[in-house]
Amino acid sequence: AAALRLALAGAAVAVGTRALAWLQFGTRSLSGASPSSALPCSLRPTGSGGAGRDAVGCRAAAEHASLSFEPREVGSAEQLMLSRMPAGHLITTHAFVALVDGDVDPERLRAALRWTAVRHPMLRARAEPPKVDPEAGSNPFVRVGSDGRWTWRPSNLTVDQLVDRAMTVSDVAEDLDSAWQRNFEASLDASVFDLEQGPLWGVELMRGQGGQSALHFRFVHSLDDQRSANKFIHELLTHMEKAAAGEAIEEPEPLALPKSIEDVLLRDDLDPMKLAEYAMSQLSHGSSGNVKLPSSLYSEERRPKKNWGLDPTQPRSEERILNVPDVEADGTHKLLMQKRIDPSTDFAGERRQNIMAPRELDAATLEALRRKCRENNVTVSMAVAAAALMASSDVGHDAEDFGYENYRLLLGVDLRRFGPEGDWTGGSIAFASGALDFVIRMLPKSGEVYAAELSGSHPRSPIGGMPFWDIARAAGEFTRQWVEKGYAAESTRLFDIGTRLIQLENIIVTSADNPSTLGREYTVTVSNAGVYAHGTPDATYGSLRLRGIYFGISQAVSGSMLAASCLTVAGKLQITAHGAAPIISRAGLGDFADSMRQTLALAAMEPSRSKSVTPRVDYPTDVRGGLPWFYPLETPKGALKCPAYEEMKSPTMPVFEVDKYMGIWYELAFHDITQANLCGCTRFNMTREGTVIEDMFTVTCPWPWKSGVDGPWLPGYSAVTGKRKMNQWTCNMTMYYQPARLGVMRETGFGQEFDNMVLEIWKDPAMQQETGYEYTRSIQFQCLSMPPSGKITFTGINFLSRTPHISPDMLQEMFVRAQALGLEPYGSNDMHVVEHSGCEYPSSTDASWMGDRPEWPCPILDRELGAQV
């Protein structure tokens, strides 16, 4: 008896020790449940009536018990993603689909879900709403009173009940791919969760024909991110693999509830200067005038262009008039906007729909892309970002857009690496993601141009062409600086402050109906979740093989014009393109996905080129090298050197005949610090005597101001004629024809002597017939450097035409041509488009009318006075 009592006491101590460990995770039995059912399998009684192990593995107390954890307040990012639309569905849902070759057994999946639910507390969580603050409703946008924090608490449901609610099974008779894509879109549109009971996730097993299955998951995005989702999928497939093989399955070890991002990253005291620096960068990006909506939503008509002095911007797509049906704003909308989107149309925030288009890059091409990335010292994520930007420029514009545009990219970032002690989640399912954003200056239709260049249909110079790898390097450099400056914490801090002071959820819902933005803030969102680094390289799990994973988050209410979520599975890159209809059409989204895949494939196979010039790594993101628009000298060009004519000359340019180049030219655009952006109506008149070419340069400064647009308030305006006097200026530039260097004229002006290189010439039949000139359009380039360093002190780029007005597609052709010739790092991405509307040009530039030609700018006066001057 004594020995028996001693043995029982020892067993009690052992049981107590294990139970205490279990209770650290808050194990709690429901009333009516056997106490032993709350214990791990190894502690349960066995035998004919025992619950013990079975063929599908240990249930680990999941059948009858609800497992607890220590509640905590939700973080600011988690809080925002609990926001719902008035109809009750979430604004932000994370959806992902695992495509599986092989028959997935529903009962094995159910057992695997129970196992993972025991392990991951977020799968057992519910969101308790904040207590109602009587003052909170006094302002719909500014927080008054408490900040209304939700709380993560364990669900009152058992694990069995949670899994039963979360899991559904369907047999699909139609094409499985069509079915899961439809369900994927629907889950992004209108997922409804019982926040106060749970589960805050769901999974549908879709069983198709021919032994194929799709596991479609939907999550409250506050719970997880794609890295967590990958681990979740791996645990499920591993559990099912072991169960199918009859292997023993280890007992699940419940993990701790992960801390919020804010709890981890905001440990240090606030540094006001650092936060202000980050906030100013965000203000700069937000005010960049970036592309937010496709040109298909705009009319061809543009708003009148004010004088550059009143509107110091270049022509861009958003100057066109937006065709979105609107009505007078009322209620809370009126506080943010005068007009709101007509709620009866599909453009309204409540009625927009998520659409998606999956694509795949094969393993061989992806491996070639990795090699190219190593060669160019960038990651695959930066190449993906560059491809997404170029694809956005393809579908975002029509033939009416010309010149450079700003494209703002939001790039997903895994914040686990930024924790003071590294990954703080401990492998538990958690939301641990953030984002950074940057602006790239790029030409519309860049993806199409890149494809044309590499196919040979759009020739480029030895140093020119669409700079795919320059864009990828610029993205990588910006990301590196973002990390080094500690912006992971500052971005989290700024968001946390905003969430506590402002009711962002209400602002998001209301701004979704802004007819100027349709809830868009960015051009494109890119999330590259890296490599599915679980299991075997070919992603096989016994009789099951993971064929791919596609994922995305809701974009209908707010977000970007386009989004691309990427993940590499079994050596292949899966691309989930998604967006919101009717902002982007389904055909447009497909074009975006195709363009992105094609660009990555082309980049992987692009021949290596050795260039003699090395541009500033950040020139695509900061065209002026950090200098303001009023900086009076040439912007920094880094290590660039003035190129030789042969490096830039168009391979298709005809043999240069100098007399065909003489006559009147109108300047359409320039990069030139000696010219003022306030001026317009710029015209050249070239005449030749022997080797001497006189170029009579005339300009109207300021350019003609339009009645009702700029106002007639500057001096010199005549109320009788409706025109301004004494605003025409002239300057004589002398050039020297060099028969031994055809296409290169030696120019003097402003006390300098330099080469004026003609890089490209067009012969447009319609313009030839209209003007009588054979050469109808031209690109000129000048470059000066300081010996002995070779530092560039001046670059000049001129787009010239025989007529002052040409079509937008012809002007865009000139921008694209300049890029193909290598002019972009020298300033073709920082050009001023010259205004020629309402211009009156000089009657003559002959000396008999104008007098001796001045070498410095001089006003053009009437005939007699002009001759005297």
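Computed from the coordinates by the stated procedures, all read-outs in this text should not be read as laboratory data. Nothing here was measured: the structure is a model prediction, and the numbers come from that model. Glycine also receives a Cβ, built like all others from the backbone with ideal geometry; neighbour counts cover every protein chain displayed.
Spatial offset of region 421-437 relative to region 135-214 amounts to 21 Å, using the alpha carbon center of each. Between residue 248 and residue 362, the contour length at 0.36 nm per residue exceeds the Cα-Cα span by 37.4 nm.
Phi angles across region 526-531 convert, under the Karplus curve 6.51 cos²θ - 1.76 cosθ + 1.60 with θ = phi - 60°, into 3J(HN,Hα) values of 10, 10, 9, 7, x, 10 Hz, Gly and Pro given as x.
For residue 660, a cut-off of 17 angstrom between C-alpha atoms picks up these aspartates and glutamates, skipping any fewer than 8 places away in its own chain: 689, 694, 695, 760, 764, 770, 774. With a Förster radius of 56 Å, plug the Cβ-Cβ distance of residue 164 and residue 284 into 1/(1 + (r/R0)^6) and report the FRET value to the nearest 0.05. Efficiency computed from Cβ-Cβ geometry: 0.65.
Does region 113-212 come out rounded, prolate or oblate by the C-alpha gyration tensor, with a ≥ b ≥ c the root eigenvalues, rounded set by a/c under 1.5 and, if not, prolate when a/b is larger than b/c and oblate if not? In terms of gyration-tensor shape, oblate.
Relative to the dominant Cα principal axis of the chain, helix 468-484 is inclined by about 60°. Ranked by the mean number of other Cβ atoms within 10 Å of their residues, highest first, the peptides 376-383, 646-653, 390-397 come out as 390-397, 376-383, 646-653.
Taking 8 Å as the Cα distance limit and 6 or more residues as the minimum spacing, I'd like the relative contact order of the chain as a percentage. Could you put the intermediate results ahead of the total?
Numbers: 1785 pairs, mean separation 112.5, N = 869.
Worked out over the chain, it gives 13 percent.
Basic side chains Lys and Arg get +1 at the Cβ, acidic Asp and Glu get -1 at the Cβ, and with that the dipole of the chain about its Cα centre reaches some 1580 debye. Once you have a ≥ b ≥ c as the square roots of the Cα gyration tensor eigenvalues for region 526-619, tell me rounded if a/c is under 1.5, and otherwise prolate or oblate according to whether a/b is larger than b/c. The shape class here is oblate.
Considering only DSSP beta bridges where both residues belong to the chain, give the percentage that are antiparallel (nearest 5). Write down the numbers at each step before the final one.
Details: 123 of 139 bridges.
Here the antiparallel bridges make up roughly 90 percent for the chain.
Here residue 186 and residue 303 are evaluated by their C-beta separation; at R0 = 41 Å the FRET efficiency comes out at 0.60. Here the gap between residue 740 and residue 639, fully extended at 0.36 nm per residue and compared with their Cα-Cα distance, gives a gain of 33.4 nm. Sorting 633-645, 771-783 by average packing, meaning the other beta carbons within 10 Å per residue, from highest down gives 771-783, 633-645. For the chain, the longest principal axis of the alpha carbon atoms and the long axis of helix 2-23 meet at an angle near 20°.
Which of the peptides 279-285, 546-552 is most tightly packed, and how do the rest follow, going by the mean number of other Cβ atoms within 10 Å of each residue?
Values: 279-285: 13.7, 546-552: 24.0.
Going by the mean number of other Cβ atoms within 10 Å, highest first, we get 546-552, 279-285.
Rounded to the nearest 10 degrees, the angle from helix 106-119 to the longest Cα principal axis of the chain is 90 degrees.
Taking amide H positions as modeled 1.01 Å from N, with prolines and chain starts lacking one, the residues under 5 Å from residue 413 and 5 or more places away or on another chain are 434, 435, 436. Put the Cα centre of region 240-261 next to the Cα centre of region 610-668 and the gap is 61 Å. Charging the Cβ of each Asp and Glu at -1 and of each Lys and Arg at +1, and nothing else, the dipole of region 339-467 about its Cα centre rounds to 260 debye. Computed over region 581-634, the range of Cα coordinates on each principal axis works out to 47, 35, 10 Å, biggest value leading.
Kindly state, to the nearest 0.05, the FRET efficiency for residue 843 paired with residue 494, given R0 = 45 Å and r defined as their beta-carbon distance. Once rounded, the FRET efficiency stands at 0.15. Loop-resident trypsin sites (Lys or Arg not before Pro) (DSSP state other than H, G, I, E or B) in region 91-161 with no more than 11 further Cβ atoms inside 10 Å of their Cβ: 131.
A dipole drawn for the chain from +1 and -1 charges on Cβ atoms has a positive end, and of 102, 504, 381 the residue lying farthest that way is 102.
Taking amide H positions as modeled 1.01 Å from N, with prolines and chain starts lacking one, the residues under 5 Å from residue 398 and 5 or more places away or on another chain are 295. Electrostatic bookkeeping for residue 809 treats Lys and Arg as +1 and Asp and Glu as -1; over the other residues with beta carbon under 14 Å from its beta carbon, the sum is -4.
Candidate cross-link partners of residue 485 among the lysines, defined by an alpha-carbon separation under 22 Å and a same-chain spacing of 8 or more, comprise 274. Within the straight-line cut-off of under 25 Å between alpha carbons, the lysines reachable from residue 339 are 292, 305, 306, sequence neighbours fewer than 8 places apart in one chain being disregarded. Given the alternatives [x] 31.7; [y] 30.8; [z] 29.1, Kirkwood radius over Cα pairs in Å as computed for this entry is given by [y]. Between residue 657 and residue 709, the distance separating the two model label sites (each 7 Å from Cα on the Cα→Cβ line) works out to 3.9 nm. Summed over qualifying helices (DSSP H, 4 residues or more, each -39500 (n - 2.57)) and divided by its residue number, the chain shows a 222 nm mean residue ellipticity of -8500 deg cm²/dmol. A crude spin-label estimate for the pair residue 348 and residue 84, with each label 7 Å from Cα along the Cβ direction, gives 2.0 nm.
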